[in-house]
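These notes are about the structure you will find just below.
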Amino acid sequence: MISAMPSTLVRTMCPMNCHPTYCGMLVEVSEDGRLQGIKGDSDNPDSRGFLCIRGRAAAEIPHNGLRLTQPLVRDGGRGEDRWRAVSWSEALDRIVAAVAATRRERVGIWFGHGAHVTGINRPLLMRFGHLGGMQVWNPAIVCWAMGAYGLALTGVVETNTKEDMAAHSRLIILWGANLASQPTTAPHLVEARRRGARVIAIDVRRAEASRHADETWLIRPGTDAALALGMAHVIVAEGLCARDFISTQTVGYEAYAKHLARFPPECGQAESEPPAEKIRRLAREYATTKPAMIVVGGASMYKHRHGWQPGRAIATLPALTGQLGLAGGGLGPRHRAFPTGDHFADLTATERRPAGPWVPSHMSSIARLIKDGGLDVLLTAGTDMLNSFSDAGALERDLARVGLIVAYDVFANDTIRRVADIVLPGTVWLEDLGFKETATHFYLMDKALEPAGECRPFIPVLRDLADRLSIEDFFPWGSLEAYMDALIAPQRDGTLTVARLRAMGGIAERSGLSHVPYRAGGYATPSGKVEFYAERAHALGLPPLPDYTPPEPDDPAFPLEFRQGRELTAFHSFYDNGRALPTLARAEPHAELWMHPADAGPRGIVAGARIELTNGRGRFEAVARVTEDILPGVVWARDGWPGLNTLTSGEACLAPEASEGLDPRIPGGQSGYDARVEVRPSPA
C-alpha cells in the first residue's frame, strides 16, 4: 500500500541520476514555499527508504547561495570569470543571432546528466538538434556506452534484476561493479548472502563492494578480457559447457572454442595477476554453480583504449554455461542496462533529421571538429565538459576557436568559469515536473517548489529557442503533461498517464516487466542468438571473436598505470562536481590518490602527503592514500576532479564507423581515459 502524502510532503526522486539506483525521496515544504527537509521514501520499492550521502546532500541544492539565478554574459575575456546580468530576452536574442549567422551544421549541442535529472529533457534535447539540423551528441560516450558496446557485440544487453539476484543467485561475481554506483543493489546482495550465496569481487582496488564479498581479486587495469578468456578456456577445455544451450541459443561456438586455445589461465595470470590455478578454480565454480550471476561494472572498467573488449568476453561466460534465461543467473544490474519490459516512447525525431555532414557521437571526432574550427556555436546543458572529456587540456585550448559557448546549468563549474560566454540559470528537480524509471518501476516527480530567482525549466527554454529559430513541430503537444503522457504511452497500452500515475501515488510497475530476460531467447544480434563469432564485428573492422589487447608497454618515464572511478561522495559532474554542496565538500575536501606502499616508499611519499601526477599532457595535484588495497604499479583516483582529465589520452577506442554502426542506442565513441604517469611529492 502506497501511503497518501500530507499537504506539506511531496513524493519525488533523488536528483543524482545514479542509474540503476534511483532512490525515492520525500520532501517537506513550509507554508512559505521553502524546503524544510528530505528523507528516504519507505514506500519506494526500489530504495525502500534508503538515501546515500549524495541523496541526503540534495537538501543543500535548492536554497544554496551559489546557485545561478539570473542569465549572465561574460564581461571580459574568457578565463577572467567576470560577468554581468542580462534579461532572458537579451540572452536568447544573442544565441539566436549567433545561430542565424552561421550554418546549422556548425552549431553543436552537448549535454550531461545535469540536464535531465527530471528524466524528461533528454528526448527534447535530441529532438531540438535533429529537427533544427544541428550537431547533437549522445553523452553516453563519457559514461556507460563503451561497456554496453562490448556486451552488445555478443548480444547480452538486458540484465536480471537486483530482486532476482536476492531471491535466486547462488554465486555472484561483482566484476568491476562498485556499489557506490548502485547502492540500492547492496541490500539485495546482503539478502543473497544471508541466503547462502557466495560473492566474489574482481576490481583494480578493494572498493565498497569488497565489504560484501567472500573473496576480492585485485587485477591489473585493462586486463579483464584476459581473465574472462582464461575462464572461458577452462570451461571449454574441461567440458563444463552447457551443450544444449550452446546448440540452440548461440552461433560460432566451434570457432570460439578453437580460438580459446590462445588464452590458457597462465596467460590470464601473466596479464591480470591472479594465479592460473585460482583462475581455474573460479571458472569451475562458476560453471558448476547454478544459478550464478555476473554483475559487471557500468563505466570505469571500460575506460581504456580497448574498453569494448571486457564486455565482449565476459558476456560469453553465461552463454557457455547456460546461465542466461535462468532466475538468479545471467548478468546482473548495471548502469544504464536495458530493462526487460516496456520503455519510454521514442520522441527524438531521429528519422526526421535532414541529411547533413553530421559528426557522430565519437569523442575524438567531436574534439577534432572543435580543433579544426568546425563549430561556431556550442550549446551545453548540465555538463562540465572540461572535466568530463578525455584530454581536457587540449579541448580547452581548442574551444577558443568556437565563437559562442552557452551553458544552461544550476551552479557554475569549470567550463562555465573558463570558457562559457552566456549562462542560462536552470531549475532544480523540485522546481519542475518529471519521471524516473528504474529496471522495474516508473516514478512521478511532482513539482514541490517555485523556481528560484529568474531560473527557468529547460523545456520552456528549448521551446522559446525553437520558436525564434523557426524549428517546426518541435513541441506539438498542448502542455507539459501531454508531452509526458506521450512519453509513457507504451506503458499499459497507453492507459498510464501523468494524472493516473499521480492518482496511484506516483509509483507504477513497468508494464511487460520480466525479472529474468532471455527466457525465450531473443538476443540483440542479427541471428537472434548469442554470437561467439560475430559477422557484424568483422564488418565493423573489429575481430569477429572475443579478443584481448594488452595495455601499452611500460614507459620508464611514466611507470605507473593511472585509472579513475566512482565513490559514494560524487557521481557525474553536476553541482560543480559536488563541490557546491557542503556535505559532499566536507566528506571529500580534496582528491586522494590510491597508491601501493611499494610505489610510495621509493618516491619518499607518505600517507596524507601532497603529491603531483604528471605526464606529457598534464599535471594534477592530490593527497596520497598509501594502501595495499591496490596493486603495485597502479594508482587510482575518484573521477570528476578539476584537471584530472588533462592526464588522459583522448585516443579513440573505435573508428567513427564502428562507433556508430552497431546499435543506435549504444555509441562506441569513447576516447581513452587511461594514462601512464609519474607521481612525486608536490614542490613546497
Inter-residue pairs, beta-carbon under 6 Å, first within 16 Å of Thr627 (Cβ to Cβ) and in the stretch 602-613, second open to solvent by 20 Å² or more (accessible area, probe 1.4 Å) and of a type in the set (A, V, I, L, M), 6+ apart: Ala607/Val626
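Which one of Arg170, Arg205, Arg198, Arg194 is in contact with a strand residue (DSSP E or B) (Cβ under 6 Å, 6 or more places away or on another chain), open to solvent by 20 Å² or more (accessible area, probe 1.4 Å) and of a type in the set (Lys, Arg)?
Criteria check complete, one pass: Arg198.
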Any chance Pro71 is closer than 29 Å to Val136 by Cα and open to solvent by less than 30 Å² (accessible area, probe 1.4 Å): yes
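The rows are residues; the columns are (1) touching an Asp or Glu at 6+ places or on another chain (Cβ under 9 Å); (2) open to solvent by 10 Å² or more (accessible area, probe 1.4 Å); (3) modelled with pLDDT of 95 or more.
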position: Glu277; (1), (2), (3): no, yes, yes
position: Thr289; (1), (2), (3): no, yes, yes
position: Ala315; (1), (2), (3): no, no, yes
position: Pro318; (1), (2), (3): no, no, yes
position: Thr321; (1), (2), (3): no, no, yes
position: Leu326; (1), (2), (3): no, yes, yes
position: Ala349; (1), (2), (3): yes, no, yes
position: Lys371; (1), (2), (3): yes, yes, yes
position: Leu375; (1), (2), (3): no, no, yes
Residue in the stretch 252-264 that is of a type outside the set (A, V, I, L, M), farther than 26 Å from Asp554 by Cα and within 28 Å of the chain's Cα centre (by Cα) present: no
Test set (1) more than 15 Å from Gly565 (Cβ to Cβ); (2) touching a Ser or Thr at 6+ places or on another chain (Cβ under 7 Å) - Ala607 fails condition number: (2)
Scan of the stretch 433-463 for residues that are over 23 Å from the mean Cα position of the chain (by Cα) and not hydrophobic (A, V, I, L, M, F, W, C), ordered by number: Asp446, Lys447, Glu450, Pro451, Gly453, Glu454, Arg456, Pro457, Pro460, Arg463
Where a residue in the stretch 78-107 is farther than 15 Å from Leu462 by Cα and its partner, wherever it lies, is assigned to a loop (DSSP other than H, G, I, E, B) and of a type in the set (S, T, N, Q), with Cβ under 6 Å and at least six apart: Ala85/Gln70
Cβ-Cβ under 6 Å pairs, at least 6 apart or on other chains, the stretch 354-367 side acidic (Asp, Glu), far side open to solvent by 20 Å² or more (accessible area, probe 1.4 Å) and in a helix (DSSP H, G or I): none
Conditions (1) open to solvent by 50 Å² or more (accessible area, probe 1.4 Å); (2) modelled with pLDDT of 95 or more; (3) out of contact with any Ser or Thr (no Cβ under 7 Å at 6 or more places or on another chain); number of the one not met by Glu509: (3)
Count of residues meeting criterion [outside any loop (DSSP other than H, G, I, E, B) and of a type in the set (Asp, Glu)] in the stretch 669-684: 1
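The values are calculated or read from the model by the stated rules, or taken from the named source; none is laboratory data. All of these numbers come straight from a predicted model, not from anything done at the bench. As a convention, Cβ positions derive from the backbone with ideal geometry for all residues, glycine included, and neighbour counts pool all protein chains shown. Calculation scope for accessible area: heavy atoms of the full protein, side chains included, ligands and nucleic acids excluded. Shrake-Rupley method; radii C 1.70, N 1.55, O 1.52, S 1.80 Å.
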